[in-house]
């Protein structure tokens, strides 16, 4: 079958997509500062993990924007970097969560619930902004996966806030942070696998 009949993979070459990406970058950057401050004030590991994710997304989305229109190899390498960064972020969350376990003490539940709800609204806005472009190459798909993961993580933070308030224990906060790290690792693996496939295809075409 000729190339003219093969389905075209969306690579981000769209003014609408670029505008959407800029809007999502701004949302994530603002929420990083809001949620990290709340995480330290409430001693919530889940909020800190989610704030770190906002920061990582701001950087990786900016990379996605920068490589739009670049060669397949360049876009795939950018996706490899983003996947590796997501995996590293997951490891950092796991380590800091372990340290928090030994410190003891429950986080402030009210702040967890309030900021978790605000972060959820911010991420749902990002999800709807990007909904039209949820499929594409590894560069485009990584943006969608990160936004989707953020919304899922926020639901976990909100539920953890209720559980902390009910039990007076730090365990719900630590468990949610660990689950978020697991989601990040799974997404990192998915992004890296797709990027490696694209690299192989680029090499064979060359």
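Every number here is computed from the coordinates shown, using simple stated rules; none is lab data. Predicted model only: the values in this text are computed from it and were never measured. Here the Cβ is made from the backbone with ideal geometry for all residues, glycine too, and neighbour counts use every protein chain on show.
According to a simple spin-label model (label point 7 Å from Cα along Cα-to-Cβ), what is the distance in nm between residue 19 and residue 33? About 2.6 nm, to one decimal.
When Cα extents along the principal axes in Å is computed from the coordinates, the matching label among (i) 63, 30, 25; (ii) 88, 40, 26; (iii) 75, 30, 26 is (i). Between helix 171-205 and the chain there is an angle of about 10 degrees, using the helix long axis and the longest principal axis of the Cα atoms.
Using a simple spin-label model with pseudo-atoms 7 Å out from Cα toward Cβ, residue 159 and residue 205 lie 4.1 nm apart.
Between helix 45-66 and the chain there is an angle of about 20 degrees, using the helix long axis and the longest principal axis of the Cα atoms.
Explain nothing, just the number: relative contact order of region 102-206, from Cα pairs under 8 Å at least 6 residues apart, as a whole percent.
Numbers: 89 pairs, mean separation 36.1, N = 105.
Value for region 102-206: 34 percent.
For the chain, calculate the relative contact order in percent as a whole number, restricting contacts to Cα pairs under 8 Å that are 6 or more residues apart.
Details: 289 pairs, mean separation 62.5, N = 206.
Over the chain, the number comes to 30 percent.
A Förster radius of 22 Å combined with the Cβ-Cβ distance from residue 99 to residue 167 puts the calculated FRET efficiency at roughly 0.55. Given the C-alpha centroids of region 22-36 and region 110-175, what is the distance between them in whole angstrom? What the calculation gives is 13 Å, centre to centre.
What whole-number value in cubic angstrom gives the convex hull volume per residue for the C-alpha atoms of region 96-160?
Once divided by residue count, the hull of region 96-160 is 84 Å³.
Compute the angle between helix 138-167 and the longest alpha-carbon principal axis of the chain, please, reported from 0 to 90 degrees and rounded to the nearest 10. Helix 138-167 sits at roughly 10 degrees to that axis. Highest average first, the peptides 197-204, 112-119 ordered by how many other beta carbon atoms sit within 10 Å of their residues are 112-119, 197-204. Given their separation in residues at 0.36 nm each and the Cα-Cα distance between them, residue 59 and residue 73 gain 3.1 nm when the chain is fully extended.
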